[in-house]
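Participant: I am attaching a structure below and will ask some questions about it afterwards.
The values are calculated or read from the model by the stated rules, or taken from the named source; none is laboratory data. Values in this document were obtained by computation on a predicted structure and should not be read as measured data. So basically every Cβ, Gly included, is an ideal-geometry build from the backbone, and we count neighbours across all protein chains shown.
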Amino acid sequence: MRTLLAWIAGGLTSVVLTPVALADGWNMPVGVTAISRDIYSLHMIIFWICVVIGVIVFGAMFYSLFRYRHSRGAKAATFHEHTSVEVIWTAIPLLILVGMAVPATATLKNMYDTSEADLDIMVTGQQWRWRYEYLGEDVAFTSNLGTPREQINGTGEKGEYYLLEVDEPLVLPVGQKVRLLLTSDDVIHSWWVPDLAVKQDAIPGFVNENWVRIEEPGIYRGQCTELCGKDHAFMPVVVEAVKPERFDEWLAERKEAAAQEASSADREWAMDELMERGQQVYGSLCASCHQEDGQGIGNFPALAGNEAMLDDVDWHIDRVVNGVSGTAMASFRNTLSAVEIAAVVTYERNAWGNESGDSVQPSEIAERLADQGE
Amino acid sequence: MASHLPPKPTPQHSTATAGGMAEAGHARPRGLMRWLLTTNHKEIGSLYLIFSLTMFFIGGIFALVVRAELFQPGLQLVRPEFFNQMTTMHGLIMVFGAIMPAFVGLANWMVPLQIGAPDMALPRLNNFSFWLLPVAFALLLSTLLMPGGGPNFGWTFYAPLSTTYAPPSTTFFILSLHIAGISSILGAINIIATILNLRAPGMRMMDMPLFVWTWLITAFLLIAVMPVLAGVITMMLMDINFGTSFFNAAGGGDPVLFQHLFWFFGHPEVYIMILPAFGIVSAIIPTFSRKRLFGYASMVYATAAIALLSFLVWAHHMFVVGLPLVAELFFMYTTMLIAVPTGVKIFNWVATMFRGSISFEPPMLFALAFVVQFTVGGFSGLMLAISPADFQYHDTYFVVAHFHYVLVPGALFAILAGAYYWLPKWTGHYPNLRLSQWHFWLSVIGVNLTFFPMHFSGLAGMPRRIPDYALQFADFNLAASMGAFLFGASQLLFVLVIIKCVRGGEKAPAKAWEGAEDLEWSVPSPAPLHTFETPPDFHPHQH
């Protein structure tokens, strides 16, 4: 019994203390912002308070268990209350908590100060991707999981950043105060990057605020942390922090590309072009529900051989543009460009044995969006 | 006052005549009908306990499906849709089907025996509240077979994932929760009526064993919050089927309102699952320390304080939904306060052991493990209370580790401790010592191997409720999955212990444990079907 108890005590202590020594990958990251460091130190202070209390309480308990064993002939005392002791062990924890509340309150106030931001980013959660909009800059894009399906299904070897990589990261300038405005198009999501110590729910009908001032250039990875449906595990967040000069260059490139995309809606697109682009869009936005092979799954309808869709091209476009209220089918009016909508509709009407032969031109879609916008 | 009390049995209403009347007056039904119609608190208590053990294994199998999928990165065994149904069902079954009914079963058996009452105050209602449960849970489990699958939105069923975006079976899920809720409310009314009216003459409130006290307070919590749950699920029902928009932002509703309502129910609910555990442990530790419980009065006050505070802390589950700063601060301070009465309890247990005369029978082993492991869960709770830090902890495996530590190595271990403690009273035999010890040690190793690594994976950044994860979390998940299967398998030993104990084993006397003091130890072991038909002679412990 004695060795067993010693073994347990030793085991517990080492289990509790090893991670502190190893730190990396076992503990909360210190992060790269002033707030993340403040939070880390709060975390470590409260952790050590718990360790000290634990050592005292468990020490007293295991001492009693060992020292006052019936089998050693211990005779039980008869005391069963002691007012001053009880007052002391009510008061001391209370004082410790007050001591803890002071720095926690200061940090929290700082976290809530979203004023005087240099840059505003609108972050919109969608099943199952993030959309980033640089407010006032005419730059917006969606950020999808970058990990190929083969890696998830086990047919391909998993890469270093398995499930923590995206097609287009959120690019932010270091040293500037960036305000994040978070909302959602469907269910509640939560945007989290541990190194930035930012976690904020994205809620339909609400716009939440948070902010970050990143101190070091680098790539910071996180995930959605609020259960948001079947692909909750597959909507990572990747932030690429760059020097302000590099950020300005990047923003200019993005504006240029957006302008080109808009103007390309005016020209005639060939079927092959539309199909190729459509397959890309389908793969990143549609396949998670309607599946790669268009067969659908569970409540998500099949598109292959879907007669309602094939009979009526207007009906089809309407569903993609406006979504279907009361279901998981989102509106892509603001997510996709006219070119992308035309391409994906064309693709869906001509893939997996669908042989409508229709090709929908970006110009038609652009006109339609303009009409509906009025 | 006295005129309000139910009539006391008269002296000539002796044990013999009462037994005779029961046998001759109306022949007891046999077989299935006996159990369907029973109004006896001991039989209903056994039904509750058997039901909760069954649900524990069903919920456990769901947990093992989850752990098997998480054994290594990648999707191997189940699709994410099904994975979400498993996590949801595991939570719902364990909370509403295993832990809560287990405590109600223990209350049914032990509250009348501990206060010297002949039965529960409302025996027919007691029968009804039990038999609602198999109906509720058969309905809940049947949703897994419905088109679109069962509930897949987590046991907290946040709207609008659980309304606009939910599978069609959600309506059945709502109905089953309503039925389970009615069962809980009726059970709570019965327990309150019993404790307030049927105590042995001379037993004042402050003479009651702590298990009775904690259950009295728990029952008030149940009556206070189960209607809130009923309200929120009815609002969901309206949103889903009748076109209202309580939680639908597109119709002017408020998804965050759902969370406020849910957690106003949900936080007291988690104390509903721990307060009776405190009561059980407060019975066992003095018994095996052969010394009276230290600070009885402060234990009662601490329990009441925890119960009151439980109504003021709900939004600590919502620190990242975008509460205003003042709300964030208020809920941080109130949450931190809970540590004070909880600490008092732990200190009192340790002080009870200090200078006692301690032996390590199986109930004591489980109770001691409870104290240590529940305290670990309390520590992580204290960390989670620090609102700025919660922005990092929230919805990660750190939270999963926290609430499993208070619920599994916490509440469940207390239930197991209670079962080992009272099995001699229920069956007349001691549980097999060797098997009990094997069960204990394998459970302790399994449960800690399962849940301790989750602290690390959570701190390192692994979110909850994901079927697949990044590679740096692989080792933690491997350990957790191995622990889960070990823990699950070792519970089969518990079933074996119970079966052997019912069939035979070392005979237990009325007072099965040397240091046991409460009234239940004054009736024979096994306790006859009818006890305390005349009120016992109760001598207060001069607490």
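Participant: Suppose we keep only residues that are under 25 Å from A:LYS230 (Cβ atoms) and not in a strand (DSSP E or B) within the range A:112-146. Which one would you say is farthest from the other protein chains (Cβ to nearest Cβ)?
Facilitator: A:ASN144
Participant: Which condition number in (1) modelled with pLDDT under 95; (2) within 19 Å of B:PRO112 (Cβ to Cβ) is the one that B:GLU43 fails?
Facilitator: Unmet for B:GLU43, out of (1) modelled with pLDDT under 95; (2) within 19 Å of B:PRO112 (Cβ to Cβ): (1).
Participant: State all residues of the range A:215-236 that are hydrophobic (A, V, I, L, M, F, W, C), in contact (Cβ under 8 Å) with a residue 60 or more places away in the chain and in a loop (DSSP other than H, G, I, E, B); if no residue qualifies, say none.
Facilitator: Hits for the range A:215-236 are A:CYS228, A:MET235.
Participant: Output the qualifying pairs, or none if there are none: Cβ atoms under 7 angstrom, residues six or more apart or on different chains, first residue in the range A:283-307 and within 14 Å of chain B (Cβ to nearest Cβ), second residue modelled with pLDDT of 85 or more and assigned to a helix (DSSP H, G or I).
Facilitator: A:GLY296/A:HIS290; A:GLY298/B:GLU81; A:PHE300/A:HIS290
Participant: Another one. Under 8 Å between Cβ atoms, at least 6 apart or on separate chains: pull out the pairs that start in the range B:306-318 with a residue that is free of Cβ contacts under 8 Å to residues at least 40 places away in the same chain and end on any residue that is not in a helix (DSSP H, G or I).
Facilitator: Listed by first residue and then by second, the contacts come to B:ILE306/B:ILE338; B:LEU309/B:ILE338.
Participant: Which one of these is under 18 Å from B:LEU449 (Cα atoms), at the interface with another protein chain (Cβ under 8 Å from one of its Cβ atoms) and either assigned to a helix (DSSP H, G or I) or of a type in the set (Val, Ile, Thr) (or both): B:VAL344, B:VAL408, B:VAL372, B:VAL400?
Facilitator: B:VAL372
Participant: Does B:ALA367 satisfy the criteria of being in contact with a Phe, Trp or Tyr (Cβ under 8 Å, 6 or more places away or on another chain), more than 7 Å from every other protein chain (Cβ to nearest Cβ) and either surrounded by 24 or more Cβ atoms within 10 Å (Cβ to Cβ) or at pLDDT below 95 (or both)?
Facilitator: yes
Participant: A further question on this structure: If we scan the range B:66-83, do we find a residue that is in contact (Cβ under 8 Å) with a residue 60 or more places away in the chain and away from chain A (no Cβ under 13 Å)?
Facilitator: yes
Participant: I've got another one for you. Which condition from (1) at pLDDT 95 or above; (2) away from chain B (no Cβ under 14 Å) is the one that A:GLN200 breaks?
Facilitator: For A:GLN200, the failing item is (2).
Participant: Oh, and also: How many residues are touching a residue at least 60 places away in the same chain (Cβ under 8 Å) and more than 8 Å from every other protein chain (Cβ to nearest Cβ) when one looks only at the range A:42-57?
Facilitator: Here the count works out to 0.
Participant: Further, regarding this structure: Please state which one of B:ALA107, B:ALA117 is in a helix (DSSP H, G or I) and either touching a residue at least 12 places away in the same chain (Cβ under 8 Å) or surrounded by fewer than 24 Cβ atoms within 10 Å (Cβ to Cβ) (or both).
Facilitator: Answer to the check: B:ALA107.
Participant: Restricting to the range B:463-488, what's the tally of residues that are more than 13 Å from chain A (Cβ to nearest Cβ) and free of Cβ contacts under 8 Å to residues at least 12 places away in the same chain?
Facilitator: 0
Participant: Can you tell me which residue in the range B:148-194 is nearest to the chain's Cα centre (by Cα), limited to those that are β-branched (Val, Ile, Thr) and either crowded, with 24+ Cβ neighbours inside 10 Å or facing another protein chain (nearest Cβ under 10 Å) (or both)?
Facilitator: So, considering only residues that are β-branched (Val, Ile, Thr) and either crowded, with 24+ Cβ neighbours inside 10 Å or facing another protein chain (nearest Cβ under 10 Å) (or both), the one nearest to the chain's Cα centre (by Cα) is B:ILE191.
Participant: Looking at B:PHE440, B:PHE451, which is the one that is assigned to a helix (DSSP H, G or I) and under 21 Å from B:PHE83 (Cα atoms)?
Facilitator: B:PHE451
Participant: Determine, yes or no, whether B:LEU323 is of a type in the set (A, V, I, L, M), surrounded by 23 or more Cβ atoms within 10 Å (Cβ to Cβ) and outside any helix (DSSP H, G or I).
Facilitator: Criteria not met by B:LEU323.
Participant: Which is out of contact with any Lys or Arg (no Cβ under 7 Å at 6 or more places or on another chain), assigned to a strand (DSSP E or B) and in the same structural domain as A:VAL166 (by TED's automatic domain parsing), of A:ASP248, A:ASP201?
Facilitator: A:ASP201
Participant: Quickly run through the range A:176-192 and pick out the residues that are assigned to a strand (DSSP E or B) and more than 9 Å from chain B (Cβ to nearest Cβ).
Facilitator: If the condition is that a residue be assigned to a strand (DSSP E or B) and more than 9 Å from chain B (Cβ to nearest Cβ), then A:VAL178, A:ARG179, A:LEU180, A:LEU181, A:THR183, A:HIS189, A:TRP191 are the ones that fit.
Participant: Yes or no: B:ALA460 over 22 Å from the mean Cα position of the chain (by Cα), without any contact (Cβ under 8 Å) to a residue 60 or more places away in the chain and buried (at least 19 other Cβ atoms within 10 Å of the Cβ)?
Facilitator: yes
Participant: Which residue out of A:SER331, A:SER263 is under 24 Å from B:THR164 (Cβ atoms) and of a type outside the set (A, V, I, L, M, F, W, C)?
Facilitator: From the options A:SER331, A:SER263, the qualifying one is A:SER331.
Participant: Now a separate question. Looking at B:ILE358, B:ILE386, B:ILE338, which one is among the β-branched types (Val, Ile, Thr) and closer than 30 Å to A:LEU180 by Cα?
Facilitator: Only one candidate passes the filter, namely B:ILE386.
Participant: So which residues in the range B:382-393 are in contact with an Asp or Glu (Cβ under 9 Å, 6 or more places away or on another chain) and within 7 Å of chain A (Cβ to nearest Cβ)?
Facilitator: Those that are in contact with an Asp or Glu (Cβ under 9 Å, 6 or more places away or on another chain) and within 7 Å of chain A (Cβ to nearest Cβ): B:MET383, B:SER387, B:PRO388.
Participant: Looking at the range A:73-95 only, could you name the residues that are over 19 Å from B:ALA305 (Cβ atoms) and more than 9 Å from every other protein chain (Cβ to nearest Cβ)?
Facilitator: Once the filter is applied, which keeps residues that are over 19 Å from B:ALA305 (Cβ atoms) and more than 9 Å from every other protein chain (Cβ to nearest Cβ), the range A:73-95 yields only A:SER84.
Participant: Go through the range B:377-407 and count every residue that is under 30 Å from B:PRO286 (Cβ atoms) and free of Cβ contacts under 8 Å to residues at least 60 places away in the same chain.
Facilitator: The number of residues fulfilling the criteria is 8.
Participant: Another question, if that's okay. Between A:LEU163, A:LEU170, which is buried (at least 22 other Cβ atoms within 10 Å of the Cβ), on the phi < 0 side of the Ramachandran plot and either within 11 Å of another protein chain (Cβ to nearest Cβ) or modelled with pLDDT of 95 or more (or both)?
Facilitator: Just a single option satisfies the conditions, and that option is A:LEU170.
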